[in-house]
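Structure record follows, encoded as structure tokens.
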Amino acid sequence: MAWRNSILRARDQHRRLVPRNGVALCGSFSTVPSSSPSPSPSADSPPQMPRFDYVPKPYKGPSADEVLEKRKKFLGPSLFYYYQKPLNIVEGKMQYLFDENGKRYLDAFAGIVTVSCGHCHPEVLNAIVEQSKLLQHATTIYLHHAIADFAEALASKMPGNLKVVYFVNSGSEANELAMLMARLYSGNLEMISLRNAYHGGSSGTIGLTALNTWKYSIPQGEIHHVMNPDPYHGIFGSDASIYAKDVQDHIDYGTSGKVAGFIAETIQGVGGAVELAPGYLKLVYDMVRKAGGLCIADEVQTGFGRTGSHYWGFETQGVIPDIVTMAKGIGNGLPLGAVVTTPEIASVMAQKIQFNTFGGNPVCSAGGHAVLRVLDKEKRQEHCAHVGSQLTARLRDLQERYDIIGDIRGRGLMLGIELVTDRKEKTPAKAETAVLFEKLRELGVLVGKGGLHGNVFRIMPPMCFNKDDADFLIDAFDYALSKL
């Protein structure tokens, strides 16, 4: 209730500051600058969602209120969106979701960047169902072709000598295993991670994560968080060399001079779609390797062609990591993750028994293999580049018209829109973001939020998201901004 009241207060205050013509009376924030004196002819009517020839099945389950009550009673406190009126999502088809009343929503967040091919993609579903009919589970203590075939297909997507695959159940597990590998192989303990990073919420990866909103006060041992090479907020802009010097300083002054490894996302997802300064990873990888450490690329959100320009995010920086972690889009919604490394590094895992009960489950392996085939067959990387380019261009047009849009960033279909109340000071527009978030839901658009202050809209839809969807999303955002 307090959250809702803060939104209402912010909205009422903004109404007092902004007259009906949309020009601010005071402060530096205006929704429609004076260069755009009149709204577009369609500004008074909300945009229409693109046609989609699919009729959702009649829903006969419990209501949203009943589900919420049961969740409060039997599940621990957890994050969920739309606190005023939580959504009861009961069906999905490609880039769309449906609630209990059959209302359709454009999913511009892909189940937190997880649904790569599309909700209930027929080819992925068929692979899962057919394997389920034969064998659901046997673990890797026995032979089964599904896990070997999937590992071979995944290894074929990797550069260099990254050819050994370990399957796990999530991104957190993948990063835990990668950190273990780095420590065992190097013989060192200390890890380096970036500020603003998110690498998981397990007791180990929570130390690598560097956003206080996701961290508990527990022992996080032997982890150093270095300056984030953020071209928008970073004090050195896009100068990768100065940010990299901070890594060397940490190695020289904060460690024994030897480290276990360095881990980074190429585009920070939870941190708000922050792309690292160009050339940064190449400089840092050299420093870390000279200090005896391994370089880990977290591709949980950037992998499988989502950036459009490359299949893997680390390729945008011109580097080849020693270990690559992945999850989310690898399974299109299945609980699936993977760690890929070289045979030499993998050999350290033979010192003890390395085993994961569900990693390599036949059903998940069949589904994950189908995901790779679909992404290739439907040319989703190329598609992300084309649609992402159109989406970015239209977002920049909106940025010209609305002062609240401070930054547009990212690649392909992994984009961030940072909202600020003051472009010069880059003050987070927290209350305004909350109001717009709810308004977009009313219009039928579901987006993500990110950044330390929750003022970044994360646009990371299923990779079947098309140009009509992009236009509708922008029109809805434009309409919501005009009514702020």
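A few points about this structure:
- Scanning residues 5 or more positions from SER170 or on other chains, those with amide H under 5 Å from its amide H are GLY337, with H placed 1.01 Å from N in the peptide plane.
- Shown in residue order for the range 103-108 are the 3J(HN,Hα) couplings computed by the Karplus curve 6.51 cos²θ - 1.76 cosθ + 1.60 at θ = phi - 60°: 5, 9, 10, 7, 8, 9 Hz (x for Gly and Pro).
- Residues whose amide H comes within less than 5 Å of that of GLU100, counting only those at least five positions distant or on another chain, are ASN88, VAL90 (H built at 1.01 Å from N in the peptide plane).
- Cα gyration tensor, the range 282-353 - rounded (a/c under 1.5), prolate or oblate: oblate
- Sum of -39500 (n - 2.57) over DSSP H runs of 4+, divided by residues of the chain (222 nm, nearest 500): -11000 deg cm²/dmol
- The long axis of helix 171-186 is offset from the longest Cα principal axis of the chain by roughly 40 degrees.
- 20 Å Cα-Cα threshold exceeded, pairs from LYS215/LYS449; LYS93/LYS467; LYS93/LYS430; LYS85/LYS449: LYS93/LYS430
- In nm, spacing of pseudo-spin labels at LEU398 and ALA155 (7 Å Cα→C-beta vector): 4.4 nm
- Label-reachable residues, the range 103-129, where backbone N falls under 11 Å from a point 7 Å from TYR54's Cα toward its Cβ: 105-107, 118-122
- For GLU275, the residues 5 or more places off, or on other chains, whose built amide H falls under 5 Å of its own are GLN268, GLY410.
- With neighbour counts taken as other beta-carbon atoms within 10 Å, the residues ASP239, ASP149, ASP407, ASP107 rank, fewest first, as ASP149, ASP239, ASP407, ASP107.
- Tensor-based shape of the range 174-327 (alpha-carbon gyration tensor, a/c under 1.5 rounded, otherwise prolate or oblate): rounded
- A protection proxy built from the mean count of other Cβ atoms within 10 Å ranks the segments 313-326, 204-217, 60-73, most packed first, as 313-326, 204-217, 60-73.
- Residue pairs, from the table LYS163/LYS352; LYS290/LYS352; LYS163/LYS328, whose Cα atoms sit over 26 Å apart: LYS290/LYS352
- Charged side chains reduced to their Cβ positions (Lys and Arg at +1, Asp and Glu at -1) give the chain a dipole of some 920 debye around its Cα centre.
- Couplings for the range 359-376, taken from phi via the Karplus curve 6.51 cos²θ - 1.76 cosθ + 1.60 with θ = phi - 60°, read x, x, 3, x, 5, 5, 5, 5, x, x, 5, 5, 4, 4, 5, 5, 4, 6 Hz in order; Gly and Pro are left as x.
- Exposure proxy ranking for SER170, SER156, SER202, based on other Cβ atoms within 10 angstrom of each Cβ and starting from the fewest, stands as SER156, SER202, SER170.
- When each of the peptides 128-137, 171-180, 475-484 is scored by how many other beta carbons lie within 10 Å of its residues on average, the order from highest to lowest is 171-180, 475-484, 128-137.
- In order along the range 409-422, the Karplus-derived 3J(HN,Hα) couplings, from 6.51 cos²θ - 1.76 cosθ + 1.60 at θ = phi - 60°, round to 8, x, 9, x, 9, 9, 10, x, 10, 8, 9, 9, 8, 8 Hz, and Gly and Pro are given as x.
- Here the gap between HIS137 and GLU123, fully extended at 0.36 nm per residue and compared with their Cα-Cα distance, gives a gain of 3.0 nm.
The numbers here are math on the coordinates, done by the rules we state, and not lab data. As the structure is a computational prediction, the values presented were derived from the model and not from experiment. Please note: Cβ atoms are built from the backbone with ideal geometry, for glycine as well, and neighbour counts cover all protein chains shown.
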